[in-house]
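What follows is one structure encoded as structure tokens, with my remarks underneath.
The values are calculated or read from the model by the stated rules, or taken from the named source; none is laboratory data. Since we're looking at a predicted model, the values are computed, not measured. Cβ coordinates were reconstructed from backbone atoms using ideal geometry, including for glycine residues, and neighbour counts include every protein chain displayed. For the accessible areas, the whole protein counts, side chains as well, though only heavy atoms, and no ligand, DNA or RNA atoms are used. Shrake-Rupley method; radii C 1.70, N 1.55, O 1.52, S 1.80 Å.
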Amino acid sequence: MIVIGERINGMFKDVKQAITDKDKNAIIDLAKKEIAAGANMLDINVGPAAADELGAMEWLVETVQDAVDIPLAIDSSKPKTVEAGLKICKNKALINSTTGEKAKLEILIGLAKDNDADILGLTMDEKGIPSTTAARTEIGLKILAAAMEAGIETDRVHLDPVVLPVRFAQDQCPTMLETIRELKMLADPAPKIVVGLSNISQGTKQRPLINRIYMVMAINGVSW
């Protein structure tokens, strides 16, 4: 199982301040804490922290990989920012993330191919997040097919069936679990599956318990 730590994100006030101040020690401390907590990949996201997003992404990647030897997920909605991070990664990286939207998919698949990177694809498109297993699986297949056409191995594609909060979308919880099973059957070797696990418990009072139970269900392909 791959655990992706997502704490190095300019959306957080302390990370935004560290980027502004070029405080390497603060970023390194976060990276080491994530690894100590079990992360074996770190997500790097500038967020809204800097006017110069490309420069900030380069600084974050350099700071983290100079301190720890761990794969990075380069996370941005802007392809140029993703490219800036990929070009200075020492290890193979993960692009986080594309969707099934044609224009975005073509650009990011191209970046993955050119930079020998894995790619994460969300099973959603310009219409939003589908409500059915079949529709999410169809988008997953579209992303996988685009990667295969570019020569990217299927096990270097990470598909995200999109976890929605149980408090607001209880009917989508079994749909997501069913989608996981379908996505694993799309190719041999199967694409990897990645989920934003903590999304499931947003707005609830028993977050750790709900997260643990849902993680076990997702790993074992159990529905209810």
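Principal-axis analysis of the Cα atoms of the chain puts helix 207-220 at an angle of about 60° to the longest axis. Fully extending the segment from Arg212 to Lys127 would add 27.5 nm, taking 0.36 nm per residue of separation and subtracting the current Cα-Cα distance.
Counting pairs of alpha carbon atoms under 8 Å apart in space and at least six apart in sequence, what relative contact order in percent does region 125-188 give?
Numbers: 41 pairs, mean separation 25.1, N = 64.
Result for region 125-188 is 39 percent.
The dipole here belongs to the chain: it is taken about the Cα centre, uses +1 on the Cβ of Lys and Arg and -1 on the Cβ of Asp and Glu, and is about 640 debye. Label sites at Asp155 and Glu138, each approximated as a point 7 angstrom past Cα along Cα to Cβ, lie 3.1 nm apart.
The phi-based Karplus calculation (6.51 cos²θ - 1.76 cosθ + 1.60; θ = phi - 60°) puts the 3J(HN,Hα) values of region 58-64 at 4, 5, 4, 4, 4, 4, 5 Hz, whole numbers, x for Gly and Pro.
All other residues whose Cβ lies under 14 angstrom from that of Ala49 are scored, Lys and Arg at +1 and Asp and Glu at -1, for a net of -2. For Ser201, neighbours were defined as the other residues whose beta-carbon sits under 14 Å from its Cβ, and their charges (Lys and Arg +1, Asp and Glu -1) total +4. Each residue, Ala190 and Val3, gets one label point 7 Å from its Cα in the Cβ direction; the gap between the two is 2.2 nm.
Over region 74-224, give the accessible area per residue in Å² for a 1.4 Å probe, as an integer. List each step's numbers first, then the result.
Values: 7560 Å² over 151 residues.
Solvent-accessible surface per residue comes out at 50 Å².
What are the semi-axes of the equivalent ellipsoid of region 1-146, taken as the square roots of 5 times the eigenvalues of the Cα gyration tensor, listed largest first and rounded to whole Å? Walk me through the numbers on the way to the answer.
On the way: eigenvalues 150, 49, 43 Å².
They are 27, 16, 15 Å, listed from largest to smallest.
Mind listing which trypsin sites (Lys or Arg not before Pro) in region 157-224 are in a DSSP loop and have 11 or fewer other Cβ atoms within 10 Å?
Working: sites: Arg167, Arg181, Lys184, Lys192, Lys205, Arg212; in loops: Arg167, Lys205.
Sites meeting the loop and neighbour criteria: Lys205.
Within the accessible surface of the chain, defined with a 1.4 Å probe on protein heavy atoms only, the carbon and sulfur portion equals 53 percent.
By the Kirkwood approach, averaging reciprocal distances over each pair of separate Cα atoms, region 80-224 gets a hydrodynamic radius of 15.7 Å.
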